[in-house]
Amino acid sequence: MYLLRSCLLASVLLTLVMGSVLAQNKKFDPNAGYIPVVAPEDKKKSKDDITPAQALALPPELPAAVTAETNRLTFRVTPLSAKGLLSQQTHNALKMLLHSSHGTIVQLRAFVAGSGDLRRVGEIVGEMFQEKHLALPALSAVQVGALPLEGAQVVIEATEVDHKVVNPEGVAFLTAQPALSVSESLGKLNAVLASAGLQPADALSVTCFVSSLDSQHGTQQAMSAAFPAAALDYVQMQRGPVEPAASCEARARLRTAVSSGVKREAQAALVSSPEVVITGTQMAFGSQDSDLKLAFERLEKTLGEKNARIEHAVISHLYVTSGGLIHRVLALQSAQPGTAHLATVVPVEALPSLDAAFGLDVVAVPDSTGTGNQ
């Protein structure tokens, strides 16, 4: 019995050894399947182990306000395009602006149509300017009802400081003129220019806010005929009807300097001061009067950081998401110091923050030059 068990054990051992030898000598079959070896999962890496390339950098924060030389200000508008969605259109528009720039872009105002995320505009602006090692501009971004090209999701207005002096006497800022039609509003703008001793050819930029885009061709023709040398832009304020139906604003080159630095007229501010402060949009988060008031307080702080004050603002834009806010916002503005400055009220669809009901941006003069004719 013992001998039999020893023989069986020896036979099993011989079989295992021969199988191993045959397996080692067997040629590799490239078509044979295999089970990959899975390396054990690494332990959780510490923050020190993460390389800069692995960490997602936050987009740079755009300045709340910038200072610019008045006699070098120029204004441009990007052409409309229906190619791609919001991010691609924003990228292409900025690329065009930067490629054709004759100086430093200090402020951008983006009108966005469609359902794209408004915050993406600011992110792209920061990324592109930082990539090219350029000074970051202030930004105003609002969502409007529509743009005058099907598929277009953004149009950008740029304020730039040219390499050379282009407005030796200064710049006039004309508040928007409400009217029943674009033609009527443009006529009012011409009258404001004339009262300031200016002509249509002096207009540097004109923006029309309209209730409907039904007569797109007529609007473009009317603007081009009225102000042939200006950078032109027009947008539908909200998707629903808005009254008044049209409201056009302008900026123009002065023919005669203002000795006091700033002269405020009924519908225009004439600025010959060496510098102006231009802000981005300051938003009110909520629709209570206290929320709206906070926007003015934050604006005051922003201007203070640039040696300016709200009482030295020469013109402002008030962007409201509801018609019911207009009278309340205007009342709050009139309660602020410096109520003499002009305001353009623009009903819009939305602002970059979903809970923002109101936003404003201003052009002001620094304290050293803001004490002229009030």
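The values are calculated or read from the model by the stated rules, or taken from the named source; none is laboratory data. Only a predicted model underlies this, so the values are computations on that prediction, with no experimental measurement involved. Note that each Cβ is placed from the backbone with ideal geometry, even for glycine, and that neighbours are counted across all protein chains shown.
Worth a mention:
- Residue in the stretch 208-220 that is under 23 Å from Thr74 (Cβ atoms), in the same structural domain as Ser247 (by TED's automatic domain parsing) and over 26 Å from the mean Cα position of the chain (by Cα) present: no
- Against the numbered list (1) part of a loop (DSSP other than H, G, I, E, B); (2) modelled with pLDDT under 95, Ser273 comes up short only at (2).
- Among residues of the stretch 315-329, those that are out of contact with any helix residue (DSSP H, G or I) (no Cβ under 9 Å at 6 or more places or on another chain) and at pLDDT 85 or above, counted: 7
- Restricting Ala158, Ala138, Ala152 to residues that are of a type outside the set (Lys, Arg) and farther than 22 Å from Pro59 by Cβ narrows the list to Ala152.
- Looking only at residues in the stretch 152-197 that are among the aliphatic types (A, V, I, L, M) and assigned to a helix (DSSP H, G or I), the one that is surrounded by the most Cβ atoms within 10 Å (Cβ to Cβ) is Leu189.
- Qualifying residue in the stretch 305-316 (condition: outside any strand (DSSP E or B) and in contact with a Phe, Trp or Tyr (Cβ under 8 Å, 6 or more places away or on another chain)): no
- Among the candidates Asn71, Asn92, the residue that is surrounded by 20 or more Cβ atoms within 10 Å (Cβ to Cβ) and among the polar types (S, T, N, Q) is uniquely Asn71.
- Test: Ser211 is more than 25 Å from Gln107 (Cα to Cα) and either at pLDDT below 95 or among the acidic types (Asp, Glu) (or both): no
- In this entry, Arg328 is excluded by the filter for residues that are touching a strand residue (DSSP E or B) at 6+ places or on another chain (Cβ under 6 Å) and either without any contact (Cβ under 8 Å) to a residue 12 or more places away in the chain or part of a helix (DSSP H, G or I) (or both).
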